[in-house]
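The values are calculated or read from the model by the stated rules, or taken from the named source; none is laboratory data. Remember, it's a predicted structure, so these values are computed and weren't measured experimentally. Cβ sites come from the backbone with ideal geometry, for glycine too, and all protein chains shown count toward neighbours. Just so you know, the surface numbers come from the protein's heavy atoms only, side chains and all, with ligands and any DNA or RNA stripped out. Shrake-Rupley method; radii C 1.70, N 1.55, O 1.52, S 1.80 Å.
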Amino acid sequence: MLKRASFLTYGVVSYLVFFGTFLYAIAFVGGFGVPNPLDGPAAGPTAAAVAIDAALLGLFAVQHSVMARRWFKERWTRLVPWPIERSTYVLFSSFALIVMFRYWRPLGGSVWSVEDATGRLVLWSLFAFGWGLVLVCTFLINHFDLFGLRQVWLYATQRPYTRLRFATPGPYRLVRHPLYVGWFLAFWATPTMTLSHLLFAVATAAYILVAIQFEERDLVHEHGRAYDEYRRRVPMLWPFARRSAPGSRLAQPPASEGSY
């Protein structure tokens with residue numbers, strides 16, 4: 001009983017840390033009243049700042065991807081009990097972001113700056129829509145499973161865990177990865193694009209495009225033919241992209257296991 005209660009408490013605390021980090025990330029990227037925002041005047045040598053920022057982004061990318069791989073989970077769950085594996089992943093991801101928020105070095109400069117009031121309103125609206133889309137998509141694919149709460153709750157109530165069935169709700173009928181579309185909007189839609197914002201946006205865009213390849217391998221492995229057919233019918237990120245013909249074939253990639 002104590003073990004189940006402690007796992008549930010751990011999962012809830014991990015989730016609260018994540019949600020606080022998510023809200024802080026909105027303020028960090030948007031520059032809303034945080035002590036060390038993404039954008040700001042350069043505070044030191046440019047080369048050193050770029051190296052530090054790139055290392056912080058790399059730390060998050062490595063943690064976020066490696067801990068989500070199937071081979072890592074098979075070894076990791078020998079140390080970390082399975083019911084709290086996802087919560088631990090979420091907690092470590094939050095810590096990697098917190099480190100980035102703390103040590104980020106703004107680069108100053110300006111790539112573009114939109115002064116027109118209507119243009120600024122449009123870009124801020126896209127920024128808000130992007131973050132909202134990310135959050136909504138997590139609920140469409142089961143928010144509580146994604147962030148580990150479902151796993152610890154089922155364990156605490158002594159019920160077996162069942163895998164989520166494959167489904168394509170709402171925006172998933174238009175593109176395969178609407179959550180990533182939300183990230184693109186959140187990171188690129190800004191009235192003022194500084195050098196540090198550009199570095200952040202380019203690095204995260206590259207990471208997303210690479211991560212999608214691993215995630216799709218995982219999804220084919222988990223859902224088999226259903227996801228393979230879905231890939232043929234629905235574009236990856238752009239809803240107006242040309243889709244594959246019904247009779248076309250895609251090589252099934254090797255098995256792996258995805259992240260969020």
statement: Listed by first then second residue, the pairs whose first member lies in the stretch 130-157 and is farther than 16 Å from Leu185 by Cα and open to solvent by 30 Å² or more (accessible area, probe 1.4 Å), whose partner is outside any helix (DSSP H, G or I) and of a type in the set (A, V, I, L, M, F, W, C), with beta carbons under 6 Å and at least 6 positions apart or on separate chains, are Asn142/Leu164
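Does at least one position in the stretch 75-83 carry a residue that is in a loop (DSSP other than H, G, I, E, B) and within 19 Å of Val134 (Cβ to Cβ)?
The answer is no; no qualifying residue exists.
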message: Looking at the stretch 92-117 only, could you name the residues that are open to solvent by less than 20 Å² (accessible area, probe 1.4 Å) and either in a helix (DSSP H, G or I) or farther than 22 Å from Leu57 by Cβ (or both)?
response: Ser93, Ser94, Ala96, Met100, Phe101
message: Could you check the stretch 11-38 and list, in sequence order, the residues that are of a type outside the set (A, V, I, L, M, F, W, C) and either more than 17 Å from Leu149 (Cβ to Cβ) or surrounded by fewer than 18 Cβ atoms within 10 Å (Cβ to Cβ) (or both)?
response: Gly20, Tyr24, Gly30, Gly31, Gly33, Pro35, Asn36, Pro37
- line: Here the residues within the stretch 191-228 that are over 21 Å from His64 (Cα atoms) and of a type in the set (Val, Ile, Thr) are Thr192, Thr194
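Of everything in the stretch 189-224, what is polar (S, T, N, Q), assigned to a loop (DSSP other than H, G, I, E, B) and either free of Cβ contacts under 8 Å to residues at least 40 places away in the same chain or out of contact with any His (no Cβ under 8 Å at 6 or more places or on another chain) (or both)? Give them in sequence order.
Looking only at the stretch 189-224, we keep the residues that are polar (S, T, N, Q), and these are 190, 192, 194, 196, 204, 213.
With the extra rule that they be assigned to a loop (DSSP other than H, G, I, E, B), the set shrinks to 190, 194.
The one that is polar (S, T, N, Q), assigned to a loop (DSSP other than H, G, I, E, B) and either free of Cβ contacts under 8 Å to residues at least 40 places away in the same chain or out of contact with any His (no Cβ under 8 Å at 6 or more places or on another chain) (or both): Thr194.
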task: Please enumerate the residues belonging to the stretch 171-206 that are crowded, with 18+ Cβ neighbours inside 10 Å, among the hydroxyl-bearing types (Ser, Thr, Tyr) and farther than 16 Å from Phe28 by Cβ.
output: Tyr180
- request: Give just the number: which of (1) more than 29 Å from Val152 (Cβ to Cβ); (2) assigned to a helix (DSSP H, G or I); (3) without any contact (Cβ under 8 Å) to a residue 60 or more places away in the chain; (4) open to solvent by 60 Å² or more (accessible area, probe 1.4 Å) does Arg120 not satisfy?
  value: (3)
Residue in the stretch 146-181 that is farthest from Arg233 (Cα to Cα), counting only those that are under 19 Å from the mean Cα position of the chain (by Cα) and basic (Lys, Arg): Arg150
query: Among Ala241, Ala167, which is farther than 30 Å from Gly11 by Cβ and either modelled with pLDDT under 90 or surrounded by fewer than 12 Cβ atoms within 10 Å (Cβ to Cβ) (or both)?
result: Ala241
task: Give the stretch 39-74 a look and list any residue that's open to solvent by less than 50 Å² (accessible area, probe 1.4 Å), out of contact with any strand residue (DSSP E or B) (no Cβ under 8 Å at 6 or more places or on another chain), closer than 30 Å to Phe129 by Cβ and of a type outside the set (A, V, I, L, M, F, W, C), or say none.
output: Gly40, Asp53, Gly58, Gln63, His64, Ser65
